[in-house]
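The next block holds one structure in the form of structure tokens; read it before the comments.
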Amino acid sequence: MKYMGDSAFWNVRFRDMERSLREPDPCLQEEADCFADCDRILDLACGDGRNSIFLARLGKEITAVDFSEEALCRLNHYADQEGFFVKTLQIDLSSDEILTLYGCFDGIIINHYRLDPQYFPHILSLLKNGGLLWINGFRETPTDSSVITEVDVLSPSDFSALSSCSLLNRREHETNQRKFVRYLWKK
């Protein structure tokens, strides 16, 4: 599954961005309390770390994964500036390379990325019993972007492999006229 470009696209995009940490996702900010009991969090498709740094500020131990080398360099720069250690891994989540991920996490976040549903069983194996899986993504293709396509839109059928988990809630919301849906699962 190709998501909004390949690593070369994102390397150029992150290299050309202003060197300042963006605000964390507003939905994650609003729902940070749900991670109160989560000490170890895995941030998949972390980009340059706006959510990773936010969670590290809350005292969480973060492992951040992305396929963009430039994004991970930026994340490490921001973490160093703030005196945090964030473990970063350069892994292509759209390929079987995702199966090289290992660990045991209290929480996993996936923000603005549609994970190929075939990889959810592996992702669940990384989550402790009682752990949380927070997924926030597009519910409609934005009209203001030619990069985000139908393949990037979350569908309820994406989550059939999560049948052993409890869906705590589903929330639709908008940010800057873009329509999102957030799912919160408990293993």
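The values are calculated or read from the model by the stated rules, or taken from the named source; none is laboratory data. Bear in mind that the values here come from a model prediction, so they are computed numbers and not experimental data. Ideal geometry is used to build each Cβ from the backbone, glycine not excepted, and the neighbour counts take in all protein chains shown.
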Here the residues within segment 171-187 that are surrounded by 13 or more Cβ atoms within 10 Å (Cβ to Cβ) and free of Cβ contacts under 8 Å to residues at least 40 places away in the same chain are none
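With within 17 Å of the chain's Cα centre (by Cα), closer than 23 Å to Ser68 by Cβ and at pLDDT 95 or above as the only criterion, which of Gly107, Gly131 stands out? Talk me through it step by step, then tell me what you get.
Numbers: Gly131 fails: closer than 23 Å to Ser68 by Cβ.
Going through Gly107, Gly131 in turn, the sole match is Gly107.
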Lys128, sole failed condition from (1) in a helix (DSSP H, G or I); (2) in contact (Cβ under 8 Å) with a residue 12 or more places away in the chain; (3) surrounded by fewer than 17 Cβ atoms within 10 Å (Cβ to Cβ)
(1)
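For (1) among the hydrophobic types (A, V, I, L, M, F, W, C); (2) closer than 20 Å to Leu133 by Cα; (3) surrounded by fewer than 18 Cβ atoms within 10 Å (Cβ to Cβ), each residue gets a yes or a no:
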position	(1), (2), (3)
Gln29	no, yes, yes
Ala32	yes, yes, yes
Asp39	no, yes, yes
Leu42	yes, yes, no
Arg50	no, yes, no
Glu61	no, yes, yes
Phe84	yes, no, no
Can you find a residue that is within 16 Å of Ile135 (Cβ to Cβ), crowded, with 20+ Cβ neighbours inside 10 Å and touching a helix residue (DSSP H, G or I) at 6+ places or on another chain (Cβ under 7 Å) anywhere in segment 1-23?
yes
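I'd like the full set of residues that are among the hydroxyl-bearing types (Ser, Thr, Tyr) and either assigned to a helix (DSSP H, G or I) or closer than 20 Å to Asp39 by Cα (or both), limited to segment 67-110. Steps first, please.
Pass one, segment 67-110, residues among the hydroxyl-bearing types (Ser, Thr, Tyr): 68, 78, 88, 94-95, 100, 102.
Across segment 67-110, the qualifying residues are Tyr78, Thr88, Thr100, Tyr102.
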